[in-house]
Each structure stands twice: as C-alpha cells, then as structure tokens.
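What follows is a single structure, written as structure tokens, with notes after it.
The values are calculated or read from the model by the stated rules, or taken from the named source; none is laboratory data. Here the structure is a predicted model, which means the values were calculated and not measured. Ideal geometry is used to build each Cβ from the backbone, glycine not excepted, and the neighbour counts take in all protein chains shown. Side chains are part of the model used for accessible areas, which takes the heavy atoms of the whole protein and leaves out ligands, DNA and RNA. Shrake-Rupley method; radii C 1.70, N 1.55, O 1.52, S 1.80 Å.
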Amino acid sequence: MRYLTKEWYELCQQTHLHFGLRVHNGAYESDENLFLRLYKRKEKAHVKQERELYNLDPRFMLEHDGQVMTRVEKAFSGEEVTEEDQMVTHMPPEQRAHIEKLIAEYDVRPPFDEKKCKEEYKESMEWNFQYKAENLPQEIVEQIADIRVFTLGYCTREVMLQLNKQSAENRREMERISKEFREVMMSQDISDEIHGRIQYHDCTVTELLTCDEVVIRFDTRGGFTNINKLTLVAPEIIKQDGGIVGSYWLYQELYRIDNGYELHVLFGGENMPELIVRCADILVEVE
C-alpha cells in the first residue's frame, strides 16, 4: 500500500482520542478508592444496559407487519381516504420466520446472569487498560496517573487539552493522505466498471489460491456485495503476507500499469496482512 497503509489506518483510529472523556480533579494522582468507586459506577451502568437488552422482547419487531399505510399527501389533505390510497405492509416470510425463532428462544431464556456479565465486563476492561497503555502517544501515557481511571473515561484538564490537540493534528494528516490518495486514483486510466469489481470492504476471505491465476473467494455476509469470487489473470505476486485467509478486506488501491493493473489490498485481522498483485485483467463472479 502506498497511501492507505497500516500506519494510515492506525492514524484514523487516533482522530478522536478525547471522545467520551471527562475532566476529573481526582485524576491527578493514583487513588485506588477513586478507581474502585468509578469502576463500580461504570459496571452498574453496564449491567443495567445488558439486562435491558437481554430482556427486550423481540415481538416488537412484528408490530408493523400488516400495518395499513396511507399516502402522505392524502393523509393530510382532509379528503376521504379510499382503498386506493392505502397499502398493507407485509413482512417477507423468511424475515418473519427468523423473528418467530427469536421469540421462541426469548420465551425459554434462562434468567439474566449478572455474575457472568460482571466477569465479561472485567475481562473487557482489563483488555482496554492494556490497549490504552500501548496505543496512546507515550508522552501522554506518562502524564496519566492511573491508566485504569483514564480508560473508565476520566482525565486531567491538561491531558484533555493535549488529546484534543493531538486528535486535530492526526485528523489533518489523515485527511491530507486521503486527499492525495483520491487525486492519484482519479489520475489512473481505470474505468468505474473495473473499480466496481474490487469493492469487497468487510468481506471475509475464505480461500486464496495462487497458481496460474490468483483466485480469492469471500464470505460476503459482512460486506456490501454478493459477488464472492475474484480472479486476477496472469498474475505477478509482488507481496503476499501470511494470514490473509480468515481476515477481511479493508481497503484497496488500484494502479494502471503497461500490461494491466497493480492491485494493493490491506486486510483487517491479526497483523493486518497485505497483498500486492500485478495482473492482466480482473474478473469477478457469483458462485
């Protein structure tokens, strides 16, 4: 990747460093009692939210099935509404069957497990403590008295100001790179139809074959296409990281070369693998 690199992706994640944070006077020093008090408050709110979601009856999703809809202009005109002005909405059978299955499971669900919910919250927060410590700018981490309190959403005024400043700088750099990328892509002699063949954002790679052709198959349920097979004709593999199968397609760059195209792909997943292939043509199909 020349523009939408791993570094650019990480930069994108660092444009709202201040999001969800509040200034707290107690964040200037490490205080175990403060941490425990804040933790219990956040834990209580989390358990409450999870309980409400767990006890949300899926029957509400059937409320609009069979509902009579009236044309807007007729409904507010004051004129008599006729059958021609109305339409009865009907849910597709497969959608209704799915909801009825959810209802059946809901009716026999066990009681909400508060203990398990708290354990999962604890595991999640411990992961977040470490993530923040490793991924925040080190000069800011050194000014945080207790990374646990910071992760719960509280910091000093000075840290908040620095996070706002750093976020703004990161956002400007991200936008600069994005603008340069768009300009370079626009300058390539590549049709929209060809670009449309490689729109696999969030599709998971299920198979990668590298023989006379490079063939990639996808599980497209997480993406925005139903085209699940990509073939790169007469390929020359420039770069192929491990771990592509099982990862998901994030971003691509496509360049025109003398005998075809050069495709760069960044995948999401462990280590964010990358694939660069030169090819004579790009073919797609639904299997």
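Here the Karplus relation 6.51 cos²θ - 1.76 cosθ + 1.60, evaluated at θ = phi - 60°, turns the backbone of region 94-99 into coupling constants of 5, 5, 5, 4, 5, 5 Hz, with x for every Gly and Pro.
Summed over all non-identical Cα pairs, the Kirkwood treatment of the chain gives a radius of 24.1 Å. The mean accessible area for residues of the chain, using a 1.4 Å probe and ignoring ligands and nucleic acids, is 63 Å² per residue. Straight-line cross-link partners of LYS132 among the lysines, defined as a Cα under 28 Å from its Cα and at least 8 positions apart when in the same chain: LYS6, LYS40, LYS42, LYS44, LYS48, LYS115, LYS116, LYS118, LYS122, LYS165. Sparsely packed loop sites in region 1-97 (the GluC sites (Glu not before Pro) outside DSSP H, G, I, E and B with at most 12 other Cβ atoms within 10 Å) comprise GLU29, GLU63, GLU79, GLU80.
Potential lengthening of the chain between LYS115 and GLU180 amounts to 18.3 nm, from the contour at 0.36 nm per residue minus the alpha-carbon distance.
Count Lys and Arg as plus one, Asp and Glu as minus one, and take only other residues whose Cβ is under 12 Å from that of PHE112; the net charge is then +2.
Charge tally around MET272: other residues with Cβ under 11 Å, Lys/Arg +1 each, Asp/Glu -1 each, net -4.
Once C-alpha pairs closer than 8 Å and six or more residues apart are averaged by separation and normalised to the residue number of the chain, the relative contact order reads 20 percent.
Residues whose amide H comes within less than 5 Å of that of MET91, counting only those at least five positions distant or on another chain, are GLY66 (H built at 1.01 Å from N in the peptide plane). Sparsely packed loop sites in region 1-77 (the trypsin sites (Lys or Arg not before Pro) outside DSSP H, G, I, E and B with at most 14 other Cβ atoms within 10 Å) comprise ARG2, ARG71.
Taking all protein chains together and a 1.4 Å probe, the residues LYS179, LYS115, LYS229, LYS132 rank LYS115, LYS179, LYS132, LYS229 from largest to smallest accessible area. Taking a virtual spin label 7 Å from the Cα of PHE60 along the C-beta vector, which residues in region 99-116 bring their backbone nitrogen under 15 Å of it? Hits in region 99-116 for PHE60 at 15 Å: 103. With θ taken as phi - 60° and the Karplus curve 6.51 cos²θ - 1.76 cosθ + 1.60 applied, the whole-hertz 3J(HN,Hα) list for region 6-21 is 4, 5, 5, 4, 5, 4, 4, 6, 10, 9, 9, 4, 8, 4, x, 8 Hz, x standing for glycine and proline.
Overall, the accessible surface of the chain at a probe of 1.4 angstrom is composed of carbon and sulfur to the extent of 50 percent. Within region 128-205, the GluC sites (Glu not before Pro) that combine a DSSP coil assignment with at most 14 other C-beta atoms in a 10 angstrom radius are GLU142. First check a/c for region 127-281, with a ≥ b ≥ c the square roots of the eigenvalues of its C-alpha gyration tensor; if it is under 1.5, answer rounded, and if not, answer prolate when a/b is larger than b/c or oblate otherwise. Here region 127-281 falls in the prolate category.
Taking label positions 7 Å along the Cα-Cβ direction at both GLU213 and GLU236, the computed distance is 2.0 nm, reported to one decimal. Annotation: extensible slack from VAL286 through MET87 equals 68.1 nm (criterion: 0.36 nm per residue apart, minus Cα-Cα distance).
In this structure TRP127 has an accessible area near 150 Å², from a 1.4 Å probe over the protein heavy atoms.
Each residue of region 159-170 was assigned a 3J(HN,Hα) from its phi angle through the Karplus expression (A = 6.51, B = -1.76, C = 1.60, θ = phi - 60°), giving 5, 4, 5, 5, 5, 4, 5, 5, 4, 5, 5, 5 Hz with x at Gly and Pro.
Counting charges near PHE218 (Lys, Arg +1; Asp, Glu -1) among other residues having Cβ under 11 Å from its Cβ returns a value of -1.
Computed extension length for PHE19-GLN138: 41.0 nm, one decimal, from 0.36 nm per residue of separation with the Cα-Cα distance subtracted.
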